[in-house]
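The structure under discussion appears below in the form of structure tokens.
Quick note: the coordinates plus some simple rules give every number you see, no bench work behind them. Just so it is clear, the structure is predicted and the values come from calculations on it, not from any experiment. Please note: Cβ atoms are built from the backbone with ideal geometry, for glycine as well, and neighbour counts cover all protein chains shown.
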Amino acid sequence: MRPILERVGRGEVLLADGAMGTLLMARGLKAGECPEALNLDRPDVVASVSADYAAAGADIVLTNTFGGSPLKLALYGLEERTEAVNAAAVAAARRGAGDGVYVAASCGPTGRMLQPYGDTPPEAVAAAFARQLAALAAAGVDLIVVETMTDLAEAVLAVAAARAAAPGVPVAATMTFDVTPNGFFTIMGVDIPRAARELAAAGAHILGANCGVGVEPMVAAAAELRRATDRPLLVQANAGLPELRDGAPVWPETPDVYAGRAAALPALGVGIIGGCCGTTPAHIAALRRMLDARR
Amino acid sequence: MEMLARLAEMLQRGEDQEVLRLTREAVAQGLPAARILNDGLIAGMNVVGERFKCHDIFLPDVLLAARAMYAGMEELKPLLIRDGVPARGRVVLGTVQGDLHDIGKNLVAIMLRGAGYEVVDLGHNVAPAAFVDAAERADARVIGLSALLTTTMPVMRQVVEQVRARGLAGRVRVIVGGAPVSADFAREIGADDYGYDGASAVDKVAALMAAR
């Protein structure tokens, strides 16, 4: 397969997959269980999620390693199995997605608050990312996606760890921005120009936004990202904000609504579009139809 | 008063050493501990909570302000006890089982402590029974539940059910909060109230305590 950066650099729009956690829950992951433990215990289930997204038309599937750093795995007593958990995730994604689909390593926050605001020294976070990313790189991935970051210092540590662990693999970095009266900011107070500047300086090839908001605000965020950087963009929005109907959360943006609104993204130079919380293979299939119709 | 305004100002800036120094100075000048707490520390933290709500400041500012507030409160605690200032009651707080997100819950703990409540923080991934056990043990009047994941919200209902099953309904009130949680959801699961954010949680907890 041609490298992702080459295709995106030529103006092609690649389709990433949608939510992982909610599908795993629907397929047997219980509340309170470690989602990443399924990579070892039920790799068939993890592979089935990637298979469904590939069947829906995704060009890229993300591994089930969002919480795969040893700092996060330690909450479940799985710290010592960091290498096995991450390697098994890559194998499951690769097997599920099949040939012709890129496998991207997901790398989420450690869940720790860095000094001086919290108690975790940056060295501990850097070491945790280095260990996770070394395992992912050794398993062989086509892209690394540092995602859902709110603390720029943590995001920069993850990007640097990714570049060091896998010098030949492109790195995308996305942060979660909230809509405020003064514009887009992460909860840690990072705005889009600063995120774009520092993540690019840390070595990220692709920049973007994910989670937190539905597609509409995400289009505005992508426009601001476009003004802040000339690098390719990656956008993975939620299917809106969950509403409660009869006690169960319902995500308001249906596949067609989601894809309809996301149709504004390619013109902004977004080279990879996918979904975050609340999106399903049906959303990805709708995005596939939208992207194919543009050709 | 000048000094307490300055104390509030330093707290807002997260200057913990300065807050500690000014708190000691206010005590040395003979100001009542309750007044230093209310017009200095709590007044400052209220502004911080309000500005955070408006997205005027962000989480790092709140965390630094909280650290400064705790520095001052540690100094005042023995004096408040000596003066016989009644504690405002205990709240058991935690993020429900299956959920590891504790930023929102920590903010609520900061605001409640700032308002003078004693908070028993159980952390994250807390089992329903653990909330009720802790409330009984600590003789807490309120249990506060947090969830960020839509998938863990049903655990909140289990806590409400356990409070009832143990015959504590009415004695122990349950308040819920978190990004996907709403007042409608709170009503539906039989919780006593819903807090939109840290600042409103303080108001709601005060109302629940008073409603006895």
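Quick notes
- Residue-averaged [θ]222 nm for chain A, counting only DSSP H segments that reach four residues, each worth -39500 (n - 2.57): -13000 deg cm²/dmol
- Amide N of region A:238-269 lying under 12 Å from the label point, which is placed 7 angstrom from the Cα of A:Arg289 along Cα→Cβ: A:255-260
- Ratio Rg/Rh [Cα only; Rh per Kirkwood] for chain A: 0.93
- Cut-off 14 Å between beta-carbons: net charge of the residues surrounding A:Met149, Lys and Arg +1, Asp and Glu -1: -3
- For the set A:Lys72/B:Lys53; B:Lys105/B:Lys204; B:Lys53/B:Lys77; A:Lys30/A:Lys72; B:Lys53/B:Lys204, the pairs lying more than 22 angstrom apart at their alpha carbons are A:Lys72/B:Lys53; B:Lys53/B:Lys77.
- Projected label distance in nm at A:Ala282 and A:Arg194, using a 7 Å step from Cα toward the beta-carbon: 4.1
- Loop-located trypsin sites (Lys or Arg not before Pro) in region A:1-38, at most 16 other Cβ atoms within 10 Å (DSSP): A:Arg10, A:Arg27, A:Lys30
- The distance between label points at A:Thr254 and B:Arg164 comes to 3.5 nm (points 7 Å beyond Cα on the Cα→Cβ vector).
- Summarising the label geometry, the points placed 7 Å from Cα in the beta-carbon direction at B:Arg82 and A:Ala138 lie 6.0 nm from one another.
- Among residues other than A:Met188 with Cβ under 14 Å from its Cβ, the summed charge is -4 (Lys and Arg +1, Asp and Glu -1).
- Here region B:127-169 and region A:1-62 have alpha carbon centers that stand 35 Å from each other.
- Here region A:112-189 carries DSSP beta bridges of which approximately 40% are antiparallel, counting only pairs with both residues inside.
- Neighbourhood net charge (14 Å Cβ-Cβ; Lys/Arg +1, Asp/Glu -1) for B:His124: 0
- For chain B: relative contact order, % (alpha-carbon pairs under 8 angstrom, 6 or more apart): 18
- Bridges between two residues of chain A, per DSSP, are antiparallel at a rate of about 20%.
- Neighbour counts of other Cβ atoms within 10 Å put A:Ile187, A:Ile4 in the fewest-to-most order A:Ile187, A:Ile4.
- Within a Gaussian network of chain A (alpha carbon springs, distance under 10 Å), most fluctuating of A:Val46, A:Val145, A:Val179: A:Val179
- Mean-position separation - Cα centroids, region A:127-158 and region B:1-63, in angstrom: 39
- Take the Cα of B:Glu188, go 7 Å toward its beta carbon, and the backbone nitrogen atoms of region A:230-258 under 14 Å from that spot belong to A:242-252.
- Across B:Arg113, B:Arg137, B:Arg21, mean-square fluctuation computed from a Gaussian network of chain B (C-alpha pairs under 10 Å connected) peaks at B:Arg137.
- DSSP beta bridges confined to the protein assembly as shown are antiparallel in about 15 percent of cases.
- Using only the C-alpha atoms, the convex hull of the protein assembly as shown corresponds to 140 Å³ per residue.
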